[in-house]
1. Considering only the other residues whose Cβ falls under 14 Å of the Cβ of A:Asp145, what net charge follows from Lys and Arg at +1 and Asp and Glu at -1?
2. Based on the Cα atoms of the protein assembly as shown, what semi-axes does the equivalent ellipsoid have, where each is the square root of 5 times one gyration tensor eigenvalue, given in whole Å with the largest first?
3. Evaluate segment B:332-429: find the radius of gyration of its Cα atoms, find its Kirkwood radius, and give the ratio Rg to Rh.
4. Would you order A:Met107, A:Met303, B:Met18 from fewest to most other beta-carbon atoms within 10 Å of each residue's own beta-carbon?
5. Using unit Cβ charges (K, R positive; D, E negative) and no other charged atoms, how large, in debye to the nearest 20, is the dipole of segment B:257-334 about its Cα centre?
6. Most fluctuating residue of A:Thr151, A:Thr229, A:Thr185 in a GNM of chain A with Cα springs under 10 Å: which is it?
7. With respect to the cross-link table entries A:Lys327/B:Lys61; A:Lys184/B:Lys47; B:Lys265/B:Lys324, which display a Cα-Cα separation exceeding 32 Å?
8. With axes computed from alpha carbons, what is the tilt in degrees of helix A:110-140 against the longest principal axis of chain A, rounded to the nearest 10 within 0 to 90?
Amino acid sequence: MTSYQLIWFILIGVLFSGFFFLEGFDFGVGMLVKSFAKTEAERDVVIRSIGPHWDGNEVWLITAGGAMFASFPMWYATLFSGFYLVLFLILAALIFRGVSFEFRANMQTATWRNFWEWASTIGSFCAAFLFGMLFTAMIAGMPIDKNGDMTAHFFDYVNLFSIVGGVAVTVLSLVHGLNFIRLKTSGELRERALAWNKILYPVLFAGEVLFAILLYFSTDFFAKKPLTTTAIVVALVIFTCLAYWGVLGNHEWLSFIGSGLSLVSVVVLIFNGLFPRVMVANNPAYSLLIKNSSSSPYTLHLMTILAFSILPIVLVYFIWSYWVFYKRLASPKQNA
Amino acid sequence: MLNLGLDILGLARFQFGMTTVFHFFFVPFSIGLAFVVAVMETMYAIKGDEDYKKMAQFWGKMFLYSFAVGVVTGIIQEFQFGMNWSEYSRFMGDIFGAPLAIEALAAFFMESTFIGMWMFTWDRFNKWVHTLFIWLVMFGSSLSALWILAANSFMQNPLGYIINQQTGHVQMVSFGAVLSNPQLWSEFPHVIFGAFVTASFVIAGCAAWRLLKKDHVTFYRKSLNVALVIGLIFSLGSIASGDIQSRYLINNQPMKFAAMEGLYKDSTNKGEWSMVAGFDNKQHKTTWSVDVPYVLNLLSYHKTTGTIKGMNTINKELHAKYDKKYGNDINYYVPTKTLFWSFRIMSGAGALFALLAIVGLFFNRKKSQLIMNQRWFLYIMGLCLWLPFVVNTAGWFITEFGRYPWVVYGLLTIADAVSPNVSVASLLTSNIVYFLMFAGMGLVMIVLCHRTLKAGPDTENTDGYAAGDTDLDPYSKGAFNHD
């Protein structure tokens, strides 16, 4: 394994971490459109909270996908063709929720507004769940042949472990979204988000424990890397505890950072367990490895230079755009 | 399962065609609208004329609809290389991945971030800064076109690579060569100019329909003027860049060029150009044609003499060149009728756009009322708003069908590129669902644009901009409270 290969393995982990941290809360907010926000006016505020940001957040996914294609084409090819149906459903979900915000705002009848609100809600739920399911199934090991083609059947990737993984990511995104609402709004919505999280966090804890237990039985993570895997699982729980503490003590930033880092911990857990592989095969001989799945040294070198010169500039204006919209949005007045 | 005679290759090709065509309805429309809106807002910043601000906001609405659909259909594009074309991805990853990743990193972040800034900050920044945002969106989206076309250009004309002897995959040896590919520098201007033309003529067409109803005459006449000036400049630009691009094919992709001109047999020195023709694809011959002498040579070489190889000759040459590696059962003929007619639609429309723009600008002179009386012209203009979408599709038909049987010219055939592990059932399902979603989104787009147009520019108020027409407006200035 060369250092460039290692850098890119880490960078892809970083990009997915960014994606889950950022899109995590806008998935969460998207889920809240129908149940949490009770009136049209409240939905306007809830959607507006992510309005200027969701598109930029999704670019983290597109960048992660592009970076994977560029640096580990074999990984990209195996993963994307192997999880065809899951990714197809993810795409459908992302499309529905993606257009829902703009379309909803321009609908004239209640029926159609309702339709796009449901599109946002269901699309966000499905996207978060399916991403969780995909990554969980990926680390559990899949049937991969000599050519690197994955030939998984439905029940290879839909099972108790992957469903728990999907639900865990969904609930994590949901509480992260609520923590974001607590930061971005004032009044009724802010208080309601706090109240919801008081109930949801115990559910999340249960989910995390169940996930950790299944992780032990369904993957080789604890067997191969007992120390780091345990440490990251503990970190995940600690971040969730901190976020919960922030809920109980009403520290909004602490909660938001805590739930964001919980999501990041999940990505770190996955990438740490994968290393030095990129795809886990049922037959260990066919697992794809970092060292034989990557692009040429020339391409990796080039991409490294470009990534490290462009990314800092991107981060500057990306963070600035959040700064521009730092102000809280007022909850609509009751009975308005 | 029923045997419908469907195979993964056919379904994957159909899906690529369908998703790309649909995505590319919105890409040029969005890039072009970003440019036209940026020009309008700049004129507002310079002149301080509120009409231009209203124009930027009004046409900006259509831009936002288009952008939303463009973004979500774009994700399919990125994912489907891995999903449907895994062998292609393995073969080409070393070269194709890099531009795609840079596109996301350098271009998508820029456009998505600044579009959010532009949408929601009309009342928060001074007009120059706000104008800068839309220019950055426009710059970002053009940059994304550059990177993805760099990848496409490699597929049309591979440069800067070697074949790795161990893996058999392409390997980049010179990023400079990938970027300086002549194919790219004729394709990129053509696509960008085409995008500007697309937006111009959609705006001009919409304005024409409203002028026919004598609605907001000043507003729509001003819009028409901006659109037609841009439309004229860039339809001429499209024609010029298209000319460069098509002549570049004579040596690089002779089969594509011959099919565009419907030449089965080698042309004679007289340069007879078929204006219209009929073809027998099975017998590889032209059944009838209406020919004009010398035009072929004028188009190909900008002079009256010279000859062009016909498809039958080229077919033999390609067999001689590639049979050793790929076997002799590959069909090198491209879909002649598709290319021939697509080329005529595209170039004919290019000329029509330039003509319409000139006539329109003449009728729409400031002091003249001519445009209001020439209702026939407004009808034509109004109908032509659909034409750019047909033309863009025709252009891609030529580029992509003309590369048959290659996915990477001379290096990888389409048949070898497809994912071997994806089932017909999966592909059929995704095709049907995508089709239904596209039909739905396309319909919503048309309804929204139509409704926006009917509601007119005055329904706008800046504070609620992009907020939608809710009763209670949480986006107004008062909605921000300092915590």
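Derivation of every value follows stated rules applied to the coordinates shown; laboratory data play no part. Please read all numbers here as calculations on a predicted model, not as lab measurements. We place every Cβ from the backbone using ideal geometry, glycine too, and count neighbours over all the protein chains shown.
1. Numbers: positive: A:Lys146, B:Arg90; negative: A:Asp149, A:Asp156, B:Glu87.
So the surrounding residues net to -1.
2. 44, 38, 21
3. Rounded to two decimals, Rg/Rh equals 1.24.
4. B:Met18, A:Met107, A:Met303
5. Values: 10 positive and 8 negative charges, 46 e Å.
Computed charge dipole of segment B:257-334: roughly 220 debye.
6. Among A:Thr151, A:Thr229, A:Thr185, the largest GNM mean-square fluctuation belongs to A:Thr151.
7. A:Lys184/B:Lys47
8. The answer is roughly 30 degrees.
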